[in-house]
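To start, the structure under review is shown below, and the notes come after it.
The values are calculated or read from the model by the stated rules, or taken from the named source; none is laboratory data. Given the structure is predicted, the values throughout are model-derived calculations rather than measurements. In this analysis, Cβ positions are derived from the backbone assuming ideal geometry, glycine residues included, and neighbour counts consider all displayed protein chains.
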Amino acid sequence: MTTHSLPPVAIAGCGAICAVGSGVEALKSALRDNASGLHPSERFDHQRYQSSVVGAVARNGAGADDDDPAWSFATEALRQASEEARDILESIPPERIGLVLSTTKANVEAMERLTDQRPCSESARRHLQGDLLAADLAAAFGASGPVQCVSLACVSGLLALQQGVKLIQRGVADAVLVVGVDHLSAFVVAGFSALKALDPLGCRPFDRDRCGLSPGEAGAATVLVRSATVSITVATNFRYSAVATIPSPPLEERVRERRPFPAVVIRGWGSSNDANHMTGPSRDGAGLALAIRSALNSAQLQPEAIDWVNAHGTATPYNDAMEFQALRNVFGASCPPFNGFKGMVGHTLGAAGVLETILCALAMKERLLPGTPRLKTHADGAPASLVQVPRSASRLDHVLKLNVGFGGINGALILGYE
């Protein structure tokens, strides 16, 4: 492991559309109210589905009667994030702006329409391929720099954020748009039904009576930029071909003007793979614990520095129990407060890591320790620090974000302030 002096990377803009609404104000309201956007959907009220309860976007806006909901959700999230960071982005040449897309299915709506012999536009068909969806999003938002698509199950969002940070720290981009998107489909809901992984009543993360997840859909986007006000040293196990130069004074001044409060920055990250099972997590949590320790090493932090953990929390029995074990492996008997967001927005797959990171960043700025929507009775074996309802926090200096996915992949990301 080599230590590099690398410029810190800040979240300069956020945007989202999901089950609790569109825009950061809708997300803040849901955080304060511990709200849930999960509801039964007539679309999935059929005997072939184990449950009709999902986290659906209201289709009276983006995505309504649309053959390309992946494009609609992603562009709406990017529009919001780009507007928040407009002054910064206008200071950066297009060729220095990159884009990273995270998705598991891209525009799977097109596949379903083609299978059913329903009308489907050429652009919707094109966006069945994640790389082409990423390329078209980059073109639409003036990102002429590097473009990537990350599709690694439910850890895609966290790894996309990591890729965005690395593009900036390697010096190949000054800003990166990171967008996660997945939409509800018969393909996805039927697949989880076949696995008997859905809760007929709606998911209940970390609850004693949990019995499955609830699929959700979302578009979520962040604008990552080099922080112009601080410098940190990051320990990382990646090798960098170059180190980015410090931004020019005009960009530095613009960044300061746009940030009345300290910016949230990405301090460190880690990933691992259990290689345990195609869909099931390793029961001992060792792989997730390894990813957490790698993130702590990357951020040069000790476990006791973490003020809050946002867990993956699918509400499937094995996943939640595995996370309990991983947290104990790393933190021992002094587990920080932790929660889960999937009772709020559902499991949004490729969008989950980006959307839940945005929720974490908003909570940090609000000094709010979020609850776990739909949790009623703490599960047996849950660390006592599990947070059920929101409360104010005196300190949220370092936040650990976790996601895990099919194939045994684990991801951890640490947020802090500049």
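Points to keep in mind about this one:
- Count - residues of region 370-382 that are crowded, with 22+ Cβ neighbours inside 10 Å and in contact with a strand residue (DSSP E or B) (Cβ under 8 Å, 6 or more places away or on another chain): 5
- Residue that is surrounded by fewer than 15 Cβ atoms within 10 Å (Cβ to Cβ), assigned to a helix (DSSP H, G or I) and acidic (Asp, Glu), where the choices are 25, 109: 25
- Test: residue in region 307-314 that is at pLDDT 95 or above, at positive phi and not β-branched (Val, Ile, Thr): yes
- Within region 146-175, the residues that satisfy the criterion of being not β-branched (Val, Ile, Thr) and not in a helix (DSSP H, G or I) are 146, 148, 149, 151, 152, 153, 154, 170, 171, 173, 174, 175.
- Qualifying position, being within 19 Å of the chain's Cα centre (by Cα), surrounded by 24 or more Cβ atoms within 10 Å (Cβ to Cβ), at pLDDT 95 or above and not assigned by TED's automatic domain parsing to the domain that holds residue 169, among 326, 363: 363
- Only one entry of 239, 254 meets the criterion of being surrounded by fewer than 16 Cβ atoms within 10 Å (Cβ to Cβ) and modelled with pLDDT under 50, and that entry is 239.
- Count - residues of region 275-296 that are at pLDDT below 90 and either surrounded by fewer than 23 Cβ atoms within 10 Å (Cβ to Cβ) or not assigned by TED's automatic domain parsing to the domain that holds residue 413 (or both): 9
- Among the residues of region 331-357, those that are more than 15 Å from residue 156 (Cβ to Cβ) and crowded, with 24+ Cβ neighbours inside 10 Å comprise 338, 339, 340, 341, 342, 343, 344, 345, 346.
- Pairs are defined by a Cβ separation below 6 Å, a sequence spacing of at least 6 or placement on different chains, a first member in region 133-151 that is under 14 Å from residue 181 (Cβ atoms) and modelled with pLDDT of 95 or more, and a second member that is in a strand (DSSP E or B) and of a type in the set (Gly, Ala, Ser); the pairs so defined are 150/102.
- Residue 320 vs. criteria of a type in the set (D, E, K, R), outside the structural domain of residue 58 (by TED's automatic domain parsing) and either farther than 26 Å from residue 222 by Cα or buried (at least 23 other Cβ atoms within 10 Å of the Cβ) (or both): yes
- Restricting attention to region 178-191, the residues that are in contact with a helix residue (DSSP H, G or I) (Cβ under 6 Å, 6 or more places away or on another chain) and either outside any helix (DSSP H, G or I) or surrounded by 24 or more Cβ atoms within 10 Å (Cβ to Cβ) (or both) add up to 7.
- Given (1) within 29 Å of residue 262 (Cα to Cα); (2) part of a loop (DSSP other than H, G, I, E, B), number of the condition residue 351 does not satisfy: (2)
- Unmet requirement for residue 301, which otherwise passes all of (1) over 19 Å from the mean Cα position of the chain (by Cα); (2) among the aliphatic types (A, V, I, L, M); (3) in a helix (DSSP H, G or I): (3)
- In region 1-53, the residues that are touching a helix residue (DSSP H, G or I) at 6+ places or on another chain (Cβ under 7 Å) and of a type in the set (Gly, Ala, Ser): 12, 13, 15, 16, 19, 22, 23, 30, 35, 36, 37, 52
- Within the set 117, 80, 50, the sole residue that is surrounded by fewer than 24 Cβ atoms within 10 Å (Cβ to Cβ), among the polar types (S, T, N, Q), without any contact (Cβ under 8 Å) to a residue 12 or more places away in the chain and not assigned by TED's automatic domain parsing to the domain that holds residue 361 turns out to be 117.
- Yes/no for residue 109 being more than 26 Å from residue 166 (Cβ to Cβ), at pLDDT 95 or above and among the acidic types (Asp, Glu): yes
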